[in-house]
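So the structure is just underneath, and the comments pick up after that.
The values are calculated or read from the model by the stated rules, or taken from the named source; none is laboratory data. It should be emphasised that the depicted structure is a prediction, and the values quoted were computed from it without experimental measurement. Glycine gets a Cβ as well: all are built from the backbone with ideal geometry, and neighbour counts include every protein chain shown. Each accessible area value is taken on the protein alone, full model and side chains, heavy atoms only, with ligands, DNA and RNA left out. Shrake-Rupley method; radii C 1.70, N 1.55, O 1.52, S 1.80 Å.
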Amino acid sequence: MDNTVMLIITGVIAVVVGVVAGKMFFAKNTKQELEDVDAKAQAIIKEAELRAETIKKEKQLEAKEKFVQLREQFDNEILERNKKITEAEAKAKQKELSIQQKESALSQKQSTLDKQIKDQDAIKETLAKQTIENNALKESLDKQLEQVNLKKIQFEKHEQEHQQRLEAVAGLTAEQAKAQLVEAMKAAAHTQGLVLQQEIIEEAKLKANKEARKIVIQTIQRTAAEQTIENTVSVFNLETDEIKGQIIGREGRNIRALEAATGVDLIVDDTPEAIVLSSFDPLRREIARLSLQRLIADGRIHPARIEEVVEKTRKQLEEQVLEIGERTVIELGIHGLHKELVRMVGRMRFRSSYGQNLLMHSRETANLCGIMAAELGLNPKLAKRAGLLHDIGKVPDEETELSHALLGAKLAEKYGEHPSIVNAIGAHHDEMEMLFVISPIIQACDAISGARPGARREIMQQYIQRIKDLEALAQGYKGVEKAYAIQAGRELRVIVEADKVTDGESDKLSFEIAQQIQTEMTYPGQIKVTVIREKRAVNIAR
């Protein structure tokens, strides 16, 4: 029992002690928490105060910036308003000055008008006075006119009487005398007109020849082209005469096969180490020469091999022809030419005109045309193109009855060339009407290229015939005694009879002969016509 009491008492004491100890511990913890809370509150308050201060400063700065912006905007508005007010004042002042100037001008005009009105009044008074004087003068003139008419009638009567007396003395009526006078004046005017015409023509020729000569000389000097004279035969050199037998073959079958395949005559004679190839077609001669060269190099010469080599050579030469044409148009700067025309240009290399190589002649003509067109302010490319193609009618594959100029124009039109080029080709020998400016240029440059010394060979019979025709043309005129063509047909001297042709008629005769030569004859360069008239008085002292 005592133990139980003791245990209870001990338990109660333990409880009391625990409660006291708990209170003390709780009180201690509570105090610490309160202190922590207080410290946190103080920190929050300080932080809030700092943030409030920061926000306050930011708001103050924003307010200041806003105030500055509003102040600047206000100042700008004030300045703009002041500027507008200043401009309005300036405009008002300007209008005021303008109005003042107009007022002063109006006042001046008013004063001028007043003065003019006063002057007009004075003029009216003067005119009234002059009208009165004119009326009086008119009456006086009418009286004088009546007197003049009376005198005129008397004069006409005297003139008729005088004319009748003159007709009676001269034996001619007035109309007959007038007709004779008109005829005499016509003859004098005709003579003076011929002299004046000759002077004008000479002056025009002098100026035109001077300018034309300048352009032509510049063109020729700026163009240097080689001229080669070609023949209708080619000489093929051999290493030894023993090869001649192989070329002839058994019973001449090799040479016959070669001639049949190439269309060229092979002349094998006693000429040492040489065979002559003869043909009017240079292209065939070239095929024969190359074929013969290959056959000799190969050593196998028989009819089958000859036909094979000739055919192969012909194909290669066609390719070479096209290559020559392409190289030519590239060197001349001509573009867009039809392939068939390019091939024809290449074939010109193996053609000749009066002994002049056709390709060299066409190239030279093209260069001359380009330079001359540039000097005259025309299109040099178009002129150069026409100059190159002007003789393509000489290298057709088919035979035709057309002249080479007309055939060339037809081919150029067929392959889409410009109409001016077609006309220039067809008209360069006056077989078509010249419709474009470059046509006479092509004709002139063709003549320049062909008329150079050594450029062409003229057949002797044609030359002699031209000289005879020239002299016969001059002999056909009335009063011509003799005519001589000298300086290789470049000058015609005409001797007339002095008693049948006057000095004035000599000028007319020279002009007419030159015009007929120019119209009817074809000749290179120009022909000078000189009419010689002299009076010889011969007496013999015995």
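The calculated FRET efficiency for residue 523 paired with residue 179, based on their beta-carbon distance and R0 = 35 Å, is about 0.15. The simple spin-label model puts a point 7 Å past each Cα toward its Cβ; for residue 486 and residue 462 those points are separated by 2.7 nm. Which pairs break 29 Å Cα to Cα here: 384/468; 152/178; 381/410? Listed pairs above 29 Å: 384/468. Computed with every protein chain present, the accessible area of residue 404 is close to 40 Å² [probe 1.4 Å]. Compute the Cα gyration tensor for segment 249-302, then decide on rounded, prolate or oblate, letting a ≥ b ≥ c be the square roots of its eigenvalues: rounded whenever a/c is under 1.5, prolate when a/b is larger than b/c in the other cases, and oblate in all that remain. Because its axes are fairly even, with a/c under 1.5, segment 249-302 counts as rounded.
Binning the C-alpha pair distances of segment 461-542 at 5 Å intervals from 0 yields a P(r) profile of 3, 15, 27, 22, 13, 9, 5, 3, 2, 1, 0 %, listed from the shortest bin outward. So, with a 1.4 angstrom probe, what is the percent of accessible area on segment 14-154 that is carbon and sulfur? Carbon and sulfur together cover 59 percent of it.
Here the label points at residue 296 and residue 14, each 7 Å from Cα along the C-beta direction, are separated by 15.3 nm in the simple model.
Ligands, DNA and RNA aside, residue 312 has an accessible area near 120 Å² when probed at 1.4 Å. For the pair residue 148 and residue 434, the difference between a 0.36 nm per residue extended length and the Cα-Cα distance amounts to 96.3 nm. With semi-axes defined as the square roots of five times the eigenvalues of the C-alpha gyration tensor, the equivalent ellipsoid of segment 309-399 measures 26, 14, 10 Å, largest first. Rounded if a/c is under 1.5, else prolate if a/b is larger than b/c, else oblate: which is segment 348-452, with a ≥ b ≥ c the root eigenvalues of its Cα gyration tensor? Cα axes put segment 348-452 in the oblate bin. According to the calculation over all Cα-Cα pairs in segment 290-334, the P(r) per 5 Å bin from zero is 5, 22, 21, 14, 11, 9, 9, 5, 3, 0 %. Look at the Cα gyration tensor of segment 247-379: its axes a ≥ b ≥ c give a/c of at least 1.5 with a/b over b/c, and that counts as prolate. Using a probe of 1.4 Å on the protein chains alone, the accessible area found for residue 352 is around 50 Å². Cβ-Cβ distance of residue 318 and residue 515, R₀ of 60 Å, FRET efficiency by 1/(1 + (r/R0)^6): the value works out to about 0.75. In terms of the mean number of neighbouring beta-carbon atoms within 10 Å, the peptides 252-264, 362-374 order highest first as 362-374, 252-264. Spin-label model, residue 187 to residue 401: label points 7 Å out along the Cα-to-beta-carbon direction sit 5.5 nm apart.
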